[in-house]
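Have a look at the structure below, then the notes.
Bear in mind these aren't lab numbers, they're just calculated from the coordinates by the rules spelled out. All values derive from a computational prediction rather than experimental measurement. Cβ: placed from backbone, ideal geometry, glycine included. Neighbour counts: every protein chain shown.
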Amino acid sequence: METSIALTQLSPAPALGDLGDPWAWFRVSIWRSGSASVAVLPGEAATPEAISSEHERKALIELVRHFAVHGLSWTAGDCAKISLATEATAIRFLDALPAAKAPPKISPDGEGGLMLVWEAPGGPLLVTVDDLRLHTVISATTPNAEYLSDSAFNSPEIPRRILDAIPAR
């Protein structure tokens, strides 16, 4: 027998402005089962790591929504918001990010876009979501920087070249 875990979202998570405990909106159920695994995401077993990954994904999505509504204050009185198209594209991108990949650090770019940054072994990976387009630099800030052609992100899957550059957890 194996221990199975299920993650249930009780209601929509609050916006970051109303934080409290963002994980209070989830219920984790644990039980003994004869089955090998219980899916928490399509194709993934409900391991503690998968649940942790899903919590991180939900928190990043809430932060993206916060940046669209409230922005991020770089200086007194100025808030850098992301555009609604950037918000939708960034959420699709984060939804498509496999649990085995590391989550990015995110920040508005000050011009309506959203920067996603990963610390990769060969140098930082930078993906800027600008409305419906992805601007990508692999090994940014290094002499080996590789600038990928801008691409529209209109599919449910992250382009293979970008996905391969995202470091594993």
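Odds and ends about this structure:
- Under the shape rule built on the C-alpha gyration tensor, where the axes satisfy a ≥ b ≥ c, the stretch 120-169 is oblate, since a/c reaches at least 1.5 while a/b does not exceed b/c.
- For Gly71, the residues 5 or more places off, or on other chains, whose built amide H falls under 5 Å of its own are Ile82.
- Residue-by-residue Karplus 3J(HN,Hα) for the stretch 126-142, coefficients 6.51, -1.76, 1.60, Hz, glycine and proline x: 10, 10, 9, 8, 10, 6, 9, 10, 10, 10, 10, 10, 8, 6, 4, 6, 10
- Leu116 long-range amide H proximity, modeled H, under 5 Å: Val127, Thr128, Val129
- Shape class for the stretch 73-167, computed from the alpha carbon gyration tensor (a ≥ b ≥ c): oblate, with a/c not under 1.5 and a/b at or below b/c.
- Per-residue Cβ neighbour rank within 10 angstrom, fewest leading, Thr86, Thr128: Thr128, Thr86
- Whole-Hz Karplus values for the stretch 154-169 come out as 10, 10, x, 10, 5, x, 3, 5, 5, 4, 5, 7, 6, x, 6, 4 Hz, taken residue by residue from phi with 6.51 cos²θ - 1.76 cosθ + 1.60 and θ = phi - 60°; glycine and proline positions read x.
- Estimated vicinal HN-Hα couplings, Hz - the stretch 54-68 in sequence order (Karplus 6.51, -1.76, 1.60; Gly, Pro = x): 5, 4, 4, 4, 4, 5, 5, 5, 5, 5, 4, 4, 4, 5, 6
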